[in-house]
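J.: Supplied in structure tokens, the structure appears directly below.
The values are calculated or read from the model by the stated rules, or taken from the named source; none is laboratory data. Every value quoted in this text rests on a predicted model; they were computed, and no experiment measured them. Reconstructed Cβ throughout: ideal geometry from the backbone, glycine too, with neighbour counts over all protein chains shown.
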Amino acid sequence: MQLSTKHLLGIKDLQLRDIELILSTATEFKEVLQRPIKKVPSLRDTTIVNLFYENSTRTRISFELAEKRLSADTLNFTASGSSVSKGETLLDTVNNILSMKVDMVVMRHSASGAPHFLAKHIPAAIINAGDGINEHPTQALLDAFSIKEKCGALEGKKIVLIGDIMHSRVALSNIYLLKKAGAEVMVAGPPTLIPKHISKAFDIRVEYNLKKALQWCDVANVLRIQLERQNQVLFSSLREYNLAYGVSKKILESINKEIVILHPGPVNRGVEIDSDVADSKQSIILQQVENGVAVRMAVLYLLSNKQNFN
């Protein structure tokens, strides 16, 4: 089987069968990662450039590791310390890289739509590793993989996204994916951090009371406050935010049910989530990190159109 698309620009563009194919392939690659030799020759002779115009630690390292596990040749590019600082355009940068015969580009950019722009102008396969406040498709895929692994299925599950929905590309990709997979979706947080018409636009629930949201859900995906994307004050202080919307052991104990806790990282302990929750048995944050490598291996493999898994 093959994906219906040449690129992974966003979950919005994927069909449900694409999502299911990526997740089932990731299951196979997770088995590879349990072996003593955690490497397969699937992408030997494939050259991949990691093109990061925005700071990243987990996503970049996860992609690099996935590429190495698949035996690909990799190039790492960061905007700081490159000709971008001298005024080189995005298209010039990529064309220069492509002249080195690159097959795939993994791209993170602060401008929404940047990967889509590239996909129209260059022949290489493009994977969106996060574009502005638009989408972060591989994060949503690894979140879905982690929920499915823990809960058995996505369909019919009640999943709440808590926090800065307004500025979160993770939230948007998760909403697209979970709706396609048949889950019930809610967003929760302060009114200033939730888009006004999101309920009608996506046919999802909105809740401004954290305890009610936690009582409703099976799974809570806790998002960080995107201070770097906010150009105005949207809540009084981080302490006030933590008191009203921080997921703590105390509030979890008060709802009389055990829910699964996710967080895409980086975790701001003591703000959106307390340490005793992030490190608890309910939390699958570390499993998300592990699953991220398998999911990104699956995406790279499927987009390469090479059918030599072992």
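J.: Out of all the residues in the range 158-168, is one or more more than 17 Å from the chain's Cα centre (by Cα), loosely packed, with under 14 Cβ neighbours inside 10 Å and not β-branched (Val, Ile, Thr)?
T.: No, there is no match, as no residue in the range 158-168 is more than 17 Å from the chain's Cα centre (by Cα), loosely packed, with under 14 Cβ neighbours inside 10 Å and not β-branched (Val, Ile, Thr).
J.: Does any residue of the range 114-131 turn out to be part of a loop (DSSP other than H, G, I, E, B) and farther than 21 Å from Leu3 by Cβ?
T.: no
J.: Okay, next question. Looking at the range 177-197, can you tell me whether even one residue there is among the polar types (S, T, N, Q), outside the structural domain of Ala111 (by TED's automatic domain parsing) and surrounded by fewer than 24 Cβ atoms within 10 Å (Cβ to Cβ)?
T.: yes
J.: Could you check how many residues of the range 142-166 are assigned to a strand (DSSP E or B) and of a type in the set (Val, Ile, Thr)?
T.: Of the residues in that region, 3 qualify.
J.: If you don't mind, there's one more thing I want to ask. Name the residues in the range 165-192 that are in contact with a Lys or Arg (Cβ under 7 Å, 6 or more places away or on another chain) and not hydrophobic (A, V, I, L, M, F, W, C), would you?
T.: His167, Tyr176, Glu184
J.: A further question follows. Answer yes or no as to whether Val49 is at negative phi, in contact (Cβ under 8 Å) with a residue 24 or more places away in the chain and assigned to a loop (DSSP other than H, G, I, E, B).
T.: For Val49, the condition - at negative phi, in contact (Cβ under 8 Å) with a residue 24 or more places away in the chain and assigned to a loop (DSSP other than H, G, I, E, B) - is not met.
J.: Which residue pairs have Cβ atoms under 7 Å apart, sit 6 or more places apart or on different chains, and have a first residue in the range 110-135 that is among the acidic types (Asp, Glu) and a second that is assigned to a strand (DSSP E or B) and surrounded by 23 or more Cβ atoms within 10 Å (Cβ to Cβ)?
T.: What qualifies is Glu135/Asn128.
J.: Suppose the filter is modelled with pLDDT under 95, of a type in the set (A, V, I, L, M, F, W, C), outside any strand (DSSP E or B) and surrounded by fewer than 22 Cβ atoms within 10 Å (Cβ to Cβ); does Leu243 pass it?
T.: So Leu243 passes the test.
J.: Looking at the range 271-298, I want the residues that are outside the structural domain of Ser56 (by TED's automatic domain parsing) and have a partner that is among the polar types (S, T, N, Q) and part of a loop (DSSP other than H, G, I, E, B) with Cβ atoms under 7 Å, at least 6 apart or on another chain. Which pairs are those?
T.: Asp274/Ser248; Val277/Ser248
J.: Tell me, please, whether a residue that is touching a residue at least 40 places away in the same chain (Cβ under 8 Å) and surrounded by 15 or more Cβ atoms within 10 Å (Cβ to Cβ) can be found in the range 72-81.
T.: Yes - at least one qualifying residue is present in the range 72-81.
J.: It is to be established whether one or more residues within the range 134-150 are surrounded by 15 or more Cβ atoms within 10 Å (Cβ to Cβ) and modelled with pLDDT under 95.
T.: no
J.: For Leu43, are the conditions met, namely being outside any strand (DSSP E or B), outside the structural domain of Gly130 (by TED's automatic domain parsing) and crowded, with 18+ Cβ neighbours inside 10 Å?
T.: Spelling it out, it is not the case that Leu43 is outside any strand (DSSP E or B), outside the structural domain of Gly130 (by TED's automatic domain parsing) and crowded, with 18+ Cβ neighbours inside 10 Å.
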